[in-house]
Amino acid sequence: MRVDIGNALDSVAMPGVPRDALDRLDERVADAHERIERGRAGDEFGYAALNLPERTDPDAIRAAVEPVAGAEAILTVGIGGSALGAATVSTALSDGSEPGLFTLDNVDPAETVELLELLPLADTAVNVVSKSGTTAETLANFLVVREAFERAGVDWTERTVVTTGPDGPLRDLADEHGLPALDVPEGVPGRFAALSAVGLVPAAIQGHDVGAILAGGREVTDALSGSLFETPAYAYGAVAYALCRRGAGTVAMMPYAERLEPFAEWFAQLWAESLGKDGVGQTPARALGATDQHSQLQLYRAGPRDKFVTLVRPSERPSCPIPETDVEGLSYLGGAGLGELLAAEFEATEASLAAADRPNVRVEIDRLDARGIGRLLAGMEAACILAGELSGVETFTQPAVEWGKRAARGLLGGGDFPEAEAVAEKTTLEVE
């Protein structure tokens, strides 16, 4: 992974970071790196995420998915970090020749019914993911899925792989029915668990090289050092923090690769849930290049100066030539390729933002392959952890999320939770 922070300097952008301020910040990065490394060495909660590329066992994942090898479709049942990492990895690596990946990460009944009617259940592998085994949305969807299999006369126990914690209802279910079961890594929040069974099971079912994904991540975590000028992940995390302090409270994640669109969703959870605490943090916005040059770039270039844009791309792309044409005004396209056009769009957007004095950062990987996606995910996780250290927040907790979970569970009769009482206290001002 390569990171270019030149367009985030105050000589280019407003808000921007003075070069000497980066030098001073680098001293804090060194201290933060020491804390991160101590956390990794002790397998402390959260910091242990950066050890996953080394400690995740690809052979165990391959063995667990063997019973569903050859599936025509894959259905992941999970939510948040239990679904977004898997979607990011599998979509990034898919070229259309492997089983399609579908996800139930919401409890919209219309979507669930429609998807289950669409899937070839007899040839569908079900990937159920919940650390606690009690996540209401995940367990509700899985019960619906299981019933759909039974109605179709398909033995769901032969089509299901479970990833969960050491105990809980989902672990009990796996034990009772002899389901292949993998462990959610200890001490790792779900949003940081993409480089484990949590994020790699669908890719393994599709036949992708999960060992190479982990090797790519390990190249990043092994190379972490105490300077933002030597560590691309830290350069991104430090500049994001510095820009946030200077008023850039929104970060737009804009990959220039269709297959990285789920990556922007994964990043949004990682950044929002980890750093949005104690009245600080950046709001992630999701965009897709070049599509959103026509829908969002106007705001980023000419709206409030409270944003910075992250432009992500693979340097190498497949070839797709644009046919020659005699149509006036279009002949310049002939002889080029779609990849060249997308590269021009990327660089034009980057220059456009800089010309308008708007901060932006370039993130590149060599190619969108197993090692490349491993590097990208590990790099952004390290960046997020560093930004959390610099911000002084509890990066690995999510108390606001847990409040909502307790309220919903109480409303459904799943226990006596005072948070549920707040629902009845809602202030209303209805207009019909």
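Laid out as a table, the results:
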{"quantity": "Per-residue [θ]222 nm for the chain (sum of -39500 (n - 2.57) over DSSP H runs n ≥ 4, rounded to 500)", "calculated": "-14500 deg cm²/dmol"}
{"quantity": "Approximate shape of the stretch 248-310 as ellipsoid semi-axes (Cα gyration tensor, √5λ), whole Å, largest first", "calculated": "20, 16, 6"}
{"quantity": "Kirkwood Rh and Cα Rg combined as Rg over Rh, evaluated for the chain", "calculated": "0.99"}
{"quantity": "Whole-Hz ³J(HN,Hα) from phi, Karplus 6.51 cos²θ - 1.76 cosθ + 1.60, for the stretch 174-188, glycine and proline x", "calculated": "4, 5, 4, 9, x, 6, x, 9, 10, 9, 5, x, 5, x, 10"}
{"quantity": "Whole-number percent relative contact order across the chain, with pairs defined as alpha carbons under 8 Å at least 6 apart", "calculated": "23 percent"}
{"quantity": "Amide hydrogen neighbours beyond the local backbone of Thr397, cut-off 5 Å, H modeled", "calculated": "none"}
{"quantity": "Neighbour-count ranking [beta-carbon atoms within 10 angstrom, fewest first] of Leu115, Leu412, Leu104, Leu376", "calculated": "Leu412, Leu115, Leu104, Leu376"}
{"quantity": "Calculated over the stretch 144-232: convex hull of Cα atoms, volume per residue (Å³)", "calculated": "133 Å³"}
{"quantity": "Stokes-Einstein D (µm²/s) once Rh is taken as the Kirkwood radius of the stretch 202-257 over alpha-carbon pairs, at 20 °C in 1.002 mPa s", "calculated": "154 µm²/s"}
{"quantity": "Acute angle (nearest 10 degrees) that the helix 232-245 long axis makes with the longest principal axis of the chain, alpha-carbon atoms", "calculated": "80 degrees"}
{"quantity": "For the stretch 117-147 versus the stretch 300-314, the gap between their alpha-carbon centres in whole angstrom", "calculated": "37 Å"}
{"quantity": "Solution diffusion estimate, µm²/s, Stokes-Einstein, the stretch 71-167, Kirkwood Rh from C-alpha pairs, 25 °C, viscosity 0.890 mPa s", "calculated": "181 µm²/s"}
{"quantity": "Lys pairs under 20 Å by Cα in the chain, provided they are eight or more residues apart or on distinct chains", "calculated": "4"}
{"quantity": "For the stretch 116-271, alpha-carbon Rg over 2.2 N^0.38 Å", "calculated": "1.29"}
{"quantity": "GluC sites (Glu not before Pro) restricted to DSSP loop in the stretch 1-72 with at most 15 other C-beta within 10 Å", "calculated": "Glu44, Glu72"}
{"quantity": "Longest DSSP-loop-exposure-free segment, trypsin sites (Lys or Arg not before Pro), the chain, at most 14 other Cβ within 10 Å", "calculated": "1-366"}
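Here, each number is a calculation from the coordinates, and none is a lab measurement. Given the structure is predicted, the values throughout are model-derived calculations rather than measurements. So basically every Cβ, Gly included, is an ideal-geometry build from the backbone, and we count neighbours across all protein chains shown.
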